[in-house]
Amino acid sequence: MCRRILQPLVRILVRFGVSAGELKAIVDSVYAHVGSEYLAEQGERVTFSKLAVITGINRAFLPAILANPQDEFHPRSQTQLHRAARVLNGWHDDKLFQTNLGDPAVLPIDGEQRSFRQLVELYSGGVYHRTMLSELERVGAIRLASGGRVRAMRRNPISGGANLDSLLTTAETAGDLLSTLEYNLSAPLGQQLPVRSLIGQVDIGALPLFRTQLDRRADGFLEVIDLLMRSHAPKVDRSREEMPGIEVGAAVVGLRRAAPQKVELRTNRRSRRLSR
């Protein structure tokens, strides 16, 4: 279950330069806060010791984790950050690799002092500088200059084209769907919300027709649901602070299931020598 849920999420994270260490810090935060809520729902006294038992997080880390709101990210160390991001941060922040005006300097690729190789050795955590050069060039974070030099183009290694609004919409939709499925796993059979899906194979040429038909029928269906919800809207009681009623909704999602791909991992000569 975890793998099926995490695979599309991790594909997004890899595309936007979020490391496994960063995700681990976020997971620890969510585990700590959800664990606290779970204990409270069970009528248990919330203590760091009990949280450590049900979450597996070291008790010593829990006070710092819970001191931050759930929607804030604070890695416990810089080593949790994306390795390419660490290199770019060092380039922008370390005076050794800056111009007199404080901008990232144009660096020679090789050299013992004030070079891209030295930058990578200091900040990447052991990545070969040519490997880092290739990756940063691939995502457009650097540009090769004349004379065997390299120029920083931006501070982050993100290669994706989505904007913040589309990412937040994706997160909200995925969160709503998972929350509904989680509710259905614990609700009695007669109280579960309907979740239906259909997967089949079609010719790739039929994809535009599938998209058009789903668009039209989705709009019509959601209009009916919207009228139903409006006709059963709760009465507002201004004497009460909380909103009356419960939030519900419906979504129509076109599904695309990608086939798993086998990838042959190629190891450079330097890595093979180190492994020996």
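Around the amide H of ALA145, modelled in the peptide plane, lie the amide H atoms of VAL150, ARG151, all under 5 Å away and 5 or more residues distant in sequence or on another chain. Taken along the Cα-to-beta-carbon direction at a fixed 7 Å, the label points for VAL195 and ALA67 span 3.7 nm.
Centre-to-centre, using Cα atoms only, the stretch 192-213 and the stretch 174-191 are separated by 22 Å. Under a 5 Å amide H cut-off, with hydrogens placed 1.01 Å from N, GLN98 pairs with ALA105 among residues at least 5 apart or on other chains.
Taking 0.36 nm per residue of sequence separation and subtracting the Cα-Cα distance, how much length would be gained by fully extending the chain between LEU96 and ASN184, in nm to one decimal? List each step's numbers first, then the result.
Numbers: separation 88, 0.36 × 88 = 31.68 nm, distance 5.65 nm.
So the extension gain works out to 26.0 nm.
Summarising the label geometry, the points placed 7 Å from Cα in the beta-carbon direction at LEU209 and VAL30 lie 3.9 nm from one another.
Placing a label point 7 Å from the Cα of ILE246 along the Cα-to-Cβ line, the residues of the stretch 201-232 whose backbone N sits under 20 Å from it are 225-232.
A dipole drawn for the stretch 20-79 from +1 and -1 charges on Cβ atoms has a positive end, and of PHE48, ALA25, LEU66 the residue lying farthest that way is PHE48. Label positions at ASP237 and VAL14, each projected 7 Å from the Cα along the C-beta direction, are separated by 5.2 nm. Among 230-237, 116-123, sorting by the average number of other beta carbon atoms lying within 10 angstrom of each residue, highest first, gives 116-123, 230-237.
Only the coordinates and a few stated rules stand behind these numbers; no lab work does. In this text the structure is predicted, and so the values were computed from the model without any measurement. Glycine gets a Cβ as well: all are built from the backbone with ideal geometry, and neighbour counts include every protein chain shown.
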